[in-house]
Amino acid sequence: MTTNLEQTIEEQFETLQILNVKGEIVNKSADPQLSDDELKELMKRMVYTRIWDQRAISLNRQGRLGFYAPVAGQEASMLASEFAMEKEDWLLPSYRDIPQMVWHGLPLVKTFLYSRGHFEGGKIPDDVYTLMPQIIIAAQCTQTAGVALGLKKRGKKNVAFTYFGDGATSQGDFYEGLNFAGAFNVPAVFISQNNRFAISVPVEKQSATKTLAQKAVAAGIKGIQVDGMDPLAVYAAAKNARERAINGEGPTLIETLTYRYGPHTMAGDDPTRYRTEDLDSEWELKDPLVRFRIYLENKGLWSKEIEDEVVETAKEDIKKALKEADQIPKQKVSDLINNMYENLPQNLQEQLEEYRKKESK
Amino acid sequence: MAQMTMIQAITDALRTELKRDENVLVFGEDVGKNGGVFRATEGLFDEFGEERVFDTPLAESGIGGLALGLTMENYRPVMEIQFFGFVFEAMDSVAAQMARLRYRSGGKYNAPVTIRSPFGGGVKTPELHADSLEGLFYQTPGVKVVIPSTPYDAKGLLIASIRDNDPVIFLEHMKLYRSFRGEVPEEAYTIELGKANVVREGKDLTIITYGAMVKTSLKAAELLAKENIDVEVIDLRTVNPIDVDTIVQSIEKTNHAVVVQEAQKQAGVASAVIAEINDRAILSLEAPVGRVTAPDTVFPFAAAENVWLPNEKDVVEKVKATLNY
Ligand SMILES: Cc1ncc(C[n+]2csc(CCOP(=O)(O)OP(=O)(O)O)c2C)c(N)n1
Ligand SMILES: [Mg+2]
């Protein structure tokens with residue numbers, strides 16, 4: 001039996017869609033009114049990222065890159081939300097959220113070094129406000145509450161954005177992060193990218209709730225579910241969440257309904273073991289690039305020539321970044337030892353000497 | 001006898017115990033339909049059904065608590081932590097709850113839980129997948145820690161772990177999963193927990209080691225044999241508790257010892273082994289006990305693994321230094 005309370009909670013979480021799969025505006029009042037340049041820029045980023053994703057997958061297969069979690073399908077969810085961030089807003093990404101880091105200012109070469117397992121990949125430039133990709137599922141959620149509390153205490157007009165998956169909402173850290181953010185009323189935006197699977201486990205098995213957005217209710221913060229394949233809906237939700245955060249109206253949980261077309265990571269995952277081709281094709285029909293391309297073309301803002309140019313730029317950038325990555329010296333154990341403390345304790349000083357000797361042989 | 005990889009031997013042990021005892025339940029992240037990210041539970045979901053082999057929501061502390069709770073209804077949980085670096089998420093449920101259940105209840109309750117988990121370097125995983133964290137659980141009275149080094153040992157030790165009435169952490173070195181095959185009997189058999197195995201006999205020096213470093217040490221022993229140095233190699237098999245009798249017996253014969261572990265110097269169980277030797281066999285020693293370990297950094301970024309992990313050259317050098325002390 002469904003209680004009235006449950007009914008009212010679920011009724012509050014209808015999916016926000018602004019641009020439908022045919023590239024038509026279906027919710028005029030919610031249209032975020034991006035300028036023509038902004039619309040083009042967002043499309044450019046999505047096209048660029050899709051090319052980069054394809055290259056990264058093939059470079060991984062050739063052994064030229066290491067760890068990589070594919071992103072195709074999630075471009076709107078990732079990039080239209082990051083598009084609402086200001087330069088000095090903090091980003092707390094997961095292992096899959098490398099594109100947001102780059103569009104937030106991280107040089108591409110860093111992401112390749114990270115992928116190869118080189119500590120230079122984690123050395124974030126001073127003017128880029130991001131943490132390293134988080135491997136531990138949902139650990140970034142509690143940290144986001146901390147970053148946002150710091151921003152609030154400093155009186156800065158900035159916001160902390162964090163990204164994680166659908167599976168991540170099962171972790172205690174997820175609930176703790178939302179709850180802390182709500183309790184301290186801090187400027188934080190939590191983005192759960194619901195791509196329907198946590199490796200092989202479907203989201204239906206993670207939780208009995210019908211939406212992930214409604215998990216905000218227990219923390220007393222705002223929650224919203226959006227069509228994560230719709231760049232305008234994702235942007236509108238993120239923009240609104242940011243404004244509310246800045247105005248002291250509290251944190252928001254955004255659930256984006258999306259899909260990853262590829263495997264979980266490039267380390268041996270086989271999606272055919274746990275999802276059907278029908279499901280894949282159903283989601284491919286909702287593709288964010290396809291509908292945004294139609295929308296922009298109808299406005300006279302996009303053409304094949306522009307798209308080709310973006311593709312070329314992406315390919316060139318990747319080539320350059322790879323070359324740069326190849327030139328970074330290999331890591332030595334002595335480098336790793338030097339990364340451990342401000343002042344090396346006795347044991348590590350001794351080991352530093354030992355390894356320096358070995359390395360100079 | 002069948003030739004199996006270690007991962008096949010593990011699946012075989014799980015199947016054996018699922019068949020034998022209907023109270024055995026296998027669960028964790030992706031262990032159901034997907035058969036585990038390493039395919040350790042391949043086929044078990046189809047064979048035994050979702051009632052016995054199932055996926056959980058993504059939360060290690062939840063998995064640990066679920067396991068403890070199920071023991072109250074006399075189930076025998078075999079839970080998986082997908083990679084052992086994620087055990088920090090389950091630290092309370094394992095170290096603060098399961099490990100103390102028997103003690104806190106005056107022996108009324110116990111937690112016959114087996115925690116399976118892959119770990120170990122050399123396969124270029126991302127952060128927190130490969131760390132050798134067995135030392136944390138050596139320092140946790142109330143649990144046992146088992147680390148097999150061959151397919152044969154993996155099956156016998158896993159069956160023994162599942163049948164054990166106390167919590168057992170069963171650590172599977174990823175590098176050993178598929179790197180070689182070995183003979184594995186088809187029938188069920190157990191290898192006693194807490195007993196070491198002398199994998200190579202020798203008279204000059206005793207190497208005490210475990211996990212992937214058993215192979216490394218055996219390779220070193222081959223190299224040393226060419227120089228007429230005759231090394232005995234002990235595979236601990238269980239690192240909590242440590243089989244001190246086998247170690248002491250060997251040292252009384254060889255009068256020299258080197259401990260080899262993949263973990264950092266300040267981690268692992270090398271320092272515990274040395275302390276036991278100090279207590280029990282110091283007068284048999286002709287030189288201080290040598291140690292081969294990784295340096296005291298965080299587990300290295302993937303591209304630096306090969307220079308960070310101890311190798312057979314390190315072992316050879318340390319053996320010689322100990323003999324020439
Ligand atoms: C604490 C922890 N447990 C398990 C894992 C292994 N793991 C990596 S990704 C993943 C699934 C995550 O799914 P989701 O949160 O939906 O994010 P997605 O990968 O789909 O983006 C799992 C189980 C991990 N990295 N950290
Ligand atoms: Mg997911």
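The values are calculated or read from the model by the stated rules, or taken from the named source; none is laboratory data. These figures come from a predicted structure and were not determined experimentally. Note that each Cβ is placed from the backbone with ideal geometry, even for glycine, and that neighbours are counted across all protein chains shown. For the accessible areas, the whole protein counts, side chains as well, though only heavy atoms, and no ligand, DNA or RNA atoms are used. Shrake-Rupley method; radii C 1.70, N 1.55, O 1.52, S 1.80 Å.
Residues whose amide H falls under 5 Å from that of B:Ile169, counting only those 5 or more places apart or on a different chain, are B:Ile115, B:Lys144, B:Val145, B:Val146, with hydrogens built in the peptide plane.
Convex hull volume of the Cα atoms of the protein assembly as shown, normalised per residue: 181 Å³.
Loop-located trypsin sites (Lys or Arg not before Pro) across the range A:154-250 with a Cβ neighbour count of 15 or fewer within 10 Å are A:Lys156, A:Lys157, A:Lys210, with loop assigned by DSSP.
Inter-part distance, the range A:308-361 to the range B:187-263, computed on C-alpha centroids, equals 36 Å. For B:Val248, neighbours were defined as the other residues whose beta-carbon sits under 13 Å from its Cβ, and their charges (Lys and Arg +1, Asp and Glu -1) total -4.
What does the net charge come to around B:Leu323 if you take all other residues with beta carbon closer than 14 Å to its beta carbon, with K and R at +1 and D and E at -1? Spelling it out: positives minus negatives among the neighbours equals -3. The shape of the range A:105-236 comes out oblate: with a ≥ b ≥ c from the C-alpha gyration tensor, a/c is at least 1.5 while a/b does not beat b/c. Charge dipole of the range A:162-308 (Cα centre as origin; +1 on each Lys and Arg Cβ, -1 on each Asp and Glu Cβ, all else neutral): 500 debye, rounded to the nearest 20. Just to confirm the number: angle between the C-alpha axis of helix A:346-360 and the first principal axis of chain A, 0 to 90 degrees, nearest 10? On a 0 to 90 degree scale, this one is about 70.
Peptide B:21-34 is shielded by partner chain Cβ atoms: per residue, an average of 3 of them sit within 10 Å of its Cβ. Remark: accessible area buried at the B-A interface is about 2900 Å², both chains counted, probe radius 1.4 Å. Atom-type composition of the exposed protein surface of the range B:2-184 places 49 percent of the accessible area on carbon and sulfur (1.4 angstrom probe). Set the Förster distance to 45 Å, then compute FRET efficiency between A:Glu14 and A:Thr313 from the Cβ-Cβ distance, nearest 0.05. Efficiency computed from Cβ-Cβ geometry: 0.70. Stokes-Einstein diffusion for the range B:2-184, with the hydrodynamic radius set to the Kirkwood value over Cα pairs and evaluated at 25 °C in a medium of 0.890 mPa s, equals 152 µm²/s. When peptides A:224-235, B:295-306 are sorted by average Cβ neighbour count within 10 Å, with the highest value leading, the order is A:224-235, B:295-306. Debye-formula intensities of chain B, expressed as log10 I(q)/I(0) at q = 0.12 Å⁻¹, are -0.79 (one equal scatterer per alpha-carbon, no solvent). Dividing the Cα radius of gyration of the range B:168-325 by 2.2 N^0.38 Å, with N the residue count, gives 1.03.
Tally Lys/Arg at +1 and Asp/Glu at -1 over every other residue whose Cβ is under 13 Å from the Cβ of B:Thr114; what's the total? So the surrounding residues net to -2.
Take the protein assembly as shown with all the other protein chains still there, run a 1.4 Å probe, and you get 42 Å² of accessible area per residue. Here is the list for the range A:28-107: trypsin sites (Lys or Arg not before Pro) lying in DSSP coil, each with at most 12 other C-beta atoms within 10 angstrom of its C-beta, are A:Lys87. The residue list A:Gly23, A:Trp90, A:Phe67 was ranked by how far each Cα lies along the charge dipole of the range A:1-106 toward its positive end, using unit charges on Cβ atoms, and A:Phe67 comes out on top. Once the partner protein chains are put back, the range B:290-315 shows a loss of at least 30 square angstrom of accessible area, versus the chain by itself, at B:Pro295, B:Asp296, B:Thr297, B:Phe301, B:Ala303, B:Ala304, B:Val307 (probe 1.4 Å, ligands and nucleic acids excluded). Counting only protein heavy atoms and a probe of 1.4 Å, the accessible surface of the range A:281-361 is 49% carbon and sulfur.
Helix B:213-225 axis versus longest C-alpha principal axis of chain B: approximately 20°, rounded to the nearest ten.
Which chymotrypsin sites (Phe, Trp or Tyr not before Pro) does the range A:289-361 hold that lie in a coil by DSSP with at most 13 other beta carbons within 10 Å? Sparse-neighbourhood loop chymotrypsin sites (Phe, Trp or Tyr not before Pro): A:Tyr341. Across peptide B:53-63, the mean count of Cβ atoms from other chains lying within 10 Å of each residue's own Cβ comes to 5. Debye calculation, C-alpha points only, no solvent: report log10 I(q)/I(0) for the range B:170-235 at q = 0.14, 0.16, 0.23, 0.26 Å⁻¹, in the same order as the q values. Scattering profile of the range B:170-235, log10 relative to I(0): -0.52, -0.66, -1.10, -1.20. Can you tell me how the range A:206-307 classifies by the Cα gyration tensor, rounded, prolate or oblate, using a/c under 1.5 as the rounded cut? Oblate is the answer for the range A:206-307, as a/c is 1.5 or above yet b/c matches or exceeds a/b. Comparing B:Gly107, B:Asn165, B:Ser284 along the charge dipole axis of chain B, the residue lying farthest to the positive side is B:Ser284, per the Cβ-charge model.
Output the relative contact order of chain A, whole-number percent, from Cα pairs under 8 angstrom with separation of 6+ residues. Normalised by residue count, the contact order of chain A is 23 percent.
Using the charge dipole of chain B (Lys, Arg: +1 at Cβ; Asp, Glu: -1 at Cβ; taken about the Cα centre), state which of B:Val239, B:Thr41, B:Tyr325 has its Cα farthest towards the positive end. Result: B:Tyr325. In chain A, the alpha-carbon atoms span a convex hull of 167 Å³ per residue.
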